[in-house]
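Taken together, the values in this text are just the output of simple stated rules run on the coordinates, not laboratory data. Remember, it's a predicted structure, so these values are computed and weren't measured experimentally. All Cβ positions, glycine included, derive from the backbone under ideal geometry; neighbour counts span all protein chains shown.
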Amino acid sequence: MHEGMTQDSRAVVARERWAPRVALALAGLVAGSGCASMSTADVEQGPPEISVVKATLEHLRSMAETFGSDVWEVAVCRIPESHDETLYDMSGIRLDQSADWIVRELEPVSEYFQRWSNGRYSVEFRAAASDVHPDHGDANQCTERALARSDSGVDGVLVVADAQHREDRSGGWGRNARHCSTPCSVDVSRRAIYVGAADFVTSGPSPLDLIEHEMGHALGWPHSRWRTEYDSAVDVMSDSAAGRRHDDLRRHGPGVLAINRYLSGWTTFDPVFVDAGLASTVSIESERFAIVSVGSNRVVTLEVVDSVGDFSHLLGPGVVVHLVDWGPDVCAQPSTVPGDPRQFCLGSARSHRLVAPSGSLDGVMRPGSHVDIAGVRVVLDTLDSRVGSDGLSTFAAVIELTPTQAGS
């Protein structure tokens, strides 16, 4: 179990009682294993005990932790010139390079995941022995043929079509292997990523943010959103190209949300857990974050971001707030592990919503601003820069949480 409020976390919560809390049965929650046993009434009853939220997140974490290294086999799908698929544009531009060339282009992706996982996870890319050739340009057929020819020792297949997708179509997709109760071979897991050629037919270095986004899906991470889908610049799982609009030479997407790093087992500091029913002052520093329980199946997360590195496109440092929901409204079709009768929400079924102050241009809270979410007012009081013993700057935020009468 990962306990919050440790001495090493250097995060402090001062709080006072505001309203009676409704006791929930911990054993009943764990037995239900998440969204399949929850109801909207659970959310409306009031703030659950912190132990219940911790137990639920630990259960989700036990299914999502990802350590070590994954090996991805890279295959090029050669789309027939006479294809009849509406997915591809008609420019005639094709990717002439080989899978070996793509593997070399993808080398920085491993550095990205090593960095955000604190060295706990990395990826390796290997070229497939041969290209794949679908009959009529079908993307799913590309993937199935690449899987059928893949080495049984790899963890997933990355398929790159040699044709670009139309601008009004998705750039690709990724699927995970969470249906496997234990590590399983790619022919069983069917773990795969598929993308069009657009990012590999540029005049300069290939952008990598789309691959990083789809690899996030392959790790079980869901999309996040702000006002609409794909418009949050603070998460690689939303607007992954946000950095490129700031600097067209940028290759990486934005960073990884704290909730995804925590559930993947990548954080070096445990979060501070806070009850939404208690007025609180929360102090967090860079790389630390707080989880505010606002219901038996949803929480609010608070984390500090700096406008450097993968976040250099932001207007400045600040705090980002997300509503994370894994309840029945967002998990209408929970998945079942083979041989396990319990049901649970896959990571990709969670809802991650960025909650930003009114008038914000980048979704980030700065001192003096506030948001109201799920019955809590979140106010960023101060954000101070500090220089550590390693000479690197970090930020310390003081955040006030006040219960309100109405949730959202």
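Estimated from the Cβ-Cβ distance and a Förster radius of 25 angstrom, the FRET efficiency linking Ser82 and Ser203 is about 0.35.
Mean 1/r over all different Cα pairs, inverted: what Kirkwood radius does the range 141-193 give, in Å? Could the numbers behind the result be given before it?
On the way: mean 1/r = 0.0825 Å⁻¹.
When all Cα pairs of the range 141-193 are included, the Kirkwood radius is 12.1 Å.
For the range 175-290, the alpha carbon convex hull comes to 170 Å³ per residue, rounded to a whole number. Give me the Kirkwood hydrodynamic radius of the range 245-308 in Å, from all C-alpha pairs, to one decimal place? It is 13.6 Å. Return the loop-located GluC sites (Glu not before Pro) in the range 166-226 (DSSP other than H, G, I, E, B) with at most 11 other Cβ atoms within 10 Å of their own Cβ; answer none if there are none. In loop regions of the range 166-226 (DSSP not H, G, I, E or B), the sparsely surrounded GluC sites (Glu not before Pro) are Glu167.
The stretch between Arg353 and Thr402 holds 15.6 nm of extra length on full extension. This uses 0.36 nm per residue minus the Cα-Cα distance. Here is the list for the range 185-288: trypsin sites (Lys or Arg not before Pro) lying in DSSP coil, each with at most 15 other C-beta atoms within 10 angstrom of its C-beta, are Arg227. Basic side chains Lys and Arg get +1 at the Cβ, acidic Asp and Glu get -1 at the Cβ, and with that the dipole of the range 127-229 about its Cα centre reaches some 380 debye.
If one computes P(r) from the Cα atoms of the range 79-217, what percent of pairs lie at distances over 25 Å? Before the final figure, lay out the partial values.
Details: 2409 of 9591 pairs.
When all Cα pairs of the range 79-217 are counted, 25 percent exceed 25 Å.
For an R0 of 30 angstrom, estimate the FRET efficiency from the Cβ-Cβ distance between Thr281 and Arg61 and round to the nearest 0.05. Before the final figure, lay out each step's value.
Details: r = 27 Å, r/R0 = 0.90.
E between Thr281 and Arg61, to the nearest 0.05, is 0.65.
Between Met90 and Asp187, the C-beta separation translates, for a Förster distance of 41 Å, into a calculated FRET efficiency of about 0.70. Amide H contacts for Ala276 (H built 1.01 Å from N in the peptide plane; partners 5 or more residues away or on another chain; cut-off under 5 Å): Ser293.
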